[in-house]
Amino acid sequence: MKKVITYGTYDLLHQGHINLLRRAKELGDYLIVGVTSDSFDIGRGKLNVRNNVLERVEAVKATGYADEVIIEDYLGQKIDDIQKYEVDIFAIGSDWVGKFDYLNEYCKVVYLPRTEGISSTQLRAETQLISRLGIIGSGRIAKRFVPEAAVVNGVEVTAVYNPDQQECQAFAEKFGIDGFSDFELFINRVDAVYIATPHKSHFEYAKRAIKYGKHVLCEVPMTLSLSESKELFDLAEQQGVVLLEANKTAYCPAFNHLVTLVKSGVVGQVVDVRASLSKMVHAPIRELDPEQGGGAMNEHASITLLPILKILGLDYSTVGFHSRYEGGVDVFTKMVINYPHATAAITLGVGVKTEGDLVISGTKGYVYVPAPWWLTEYFEIRHEDQSKNKKYFYSYDGDGLRYEIQEFVSMIINHRHRSYKLSKRESLTMATIIEMSNKGTNVTRI
Ligand code: C2G
């Protein structure tokens, strides 16, 4: 019996896929089809796949050509599969010519003619409205945002707003978009906004944009108080728009996997979470300016609280801060959060440097994520018996902002107003804790 294997995503299954599967089947007696898993596709940069893996498997089965469907989940799996299933022929579309020649060592490689004029990319583009996205603010993070948005389907950065005309025009010219110093003109030209201004201005900008019925992706911290964050979420609900906090680590695939592994009990019951983040800056700069909401807590708490709230939950018992102040801002803060059965600590600095790692300690072992843990690319699960240690590696594409943009756009397209990657309650808890430190509640000055 001649066995043939082929692989693909098969998103929005179309005639091109069907022709390919038919031709592959005709090459032998038995056809195995490898359908990519969702995480494998994200890992290879395919961020815009519409159907989930189960839907795609069902679609492939429904063609009637596959004798067996398997899931492709890791790089290098094709070599394993070919040997495991004793495959005679590996077949793939002609868009891949030459790319799989290395498999000739294991079986015959056949590139089948690709069907012209149809593709999943084209179908996605045809069936999808493109949101015009405007950026409010044109500083450091905004400059990194534009190229990242370019790799996400369904969104196009079309405009920038900055009351400073010169800065606004420079940014607009650099990226070939429209620049506005008049908010009303700007907001009427976009469907959604990304707010990338100093912290204290987030609330007013978000409120204005939501009132105009625009979806909002807001940089962290969304606001510096619980009441303001609550008001924004309530307003967004009334207006039927998406409001999402741009806590980029929350949407990073490796971080998500880390959380699900820990929640599945790989280190037993979690007893302690310890996370640090420091960035040395020198005045004059926003991070050290009290007028602009500077300080270590305002700057870094949202990101650093994320693993704690995700893993230990939102029902903490006490929170306390030890802070060193200089020039009216906390240049260093150590925060301790206690839970009934666990404890957590975060160490933050804008004028004190420390190792930026993350350690999650449990009754069976611990997770170690080296600096910079917030851009998780690699982590290790360690045990007393070192032979049981396991290392996990991921690729982190670009600047990492594409994952939050992708989630924001997916929420807009699917009229989904919640994200499990960063829930409203998690955002509100972050705002509560940041507000406590700004008000001096349970703060010990050191
Ligand atoms: N295909 C085709 N004609 C089209 C579109 C796609 O013949 N108009 C073929 C592709 O060449 C591929 C298969 O259909 O053989 C699946 O295509 P995709 O779903 O785009 O998956 P792809 O990214 O090519 O996956 O491990 C995954 C594989 O390496 C390739």
Calc'd 3J(HN,Hα), segment 378-387, phi into Karplus 6.51 cos²θ - 1.76 cosθ + 1.60 (θ = phi - 60°), Hz, glycine/Pro = x, comes to 8, 8, 10, 9, 10, 10, 4, 7, 4, 5
Among all stretches of the chain without exposed GluC sites (Glu not before Pro) (DSSP loop, at most 14 other Cβ atoms within 10 Å), which one is longest? 117-354
Filter Lys78/Lys99; Lys25/Lys61; Lys46/Lys391; Lys310/Lys421 down to the pairs with a C-alpha to C-alpha distance above 20 Å, please. Lys46/Lys391
Dipole axis of segment 123-249 (+1 Lys, Arg; -1 Asp, Glu on Cβ), positive-most option in Leu129, Val242, Asn153: Asn153
Counting only residues 5 or more places away or on other chains, whose amide H sits under 5 Å from the amide H of Asp178 once H atoms are built in the peptide plane? Ala159, Val160
Karplus 3J(HN,Hα) series, Hz, for segment 101-110 with 6.51 cos²θ - 1.76 cosθ + 1.60 (x for Gly, Pro): 4, 4, 7, 4, 5, 10, 6, 7, 10, 10
Run the numbers for Lys390 and His415: contour at 0.36 nm per residue of separation, minus the present Cα-Cα distance, in nm. 5.1 nm
How much net charge surrounds Lys334 when only other residues with a Cβ under 11 Å from its Cβ are counted (Lys, Arg +1; Asp, Glu -1)? +1
Using alpha-carbon positions, what is the distance between the centroids of segment 152-227 and segment 326-341, in Å? 31 Å
Amide H contacts under 5 Å for Tyr30, placed H, 5+ residues apart: Lys2, Val4
Rounded if a/c under 1.5, otherwise prolate or oblate - the chain, Cα gyration tensor axes: oblate
Amide H of Val216: which non-local residues (sequence gap of 5 or more, or other chain) have their own amide H closer than 5 Å, using H built in the peptide plane? Val193, Val242, Leu243, Leu244
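Read-outs throughout are calculated quantities, based only on the coordinates presented, and are distinct from any laboratory measurement. Quantities reported herein were computed from a predicted structural model and do not represent experimental measurements. Note: ideal-geometry Cβ built from the backbone for every residue, glycine included; neighbour counts use all protein chains shown.
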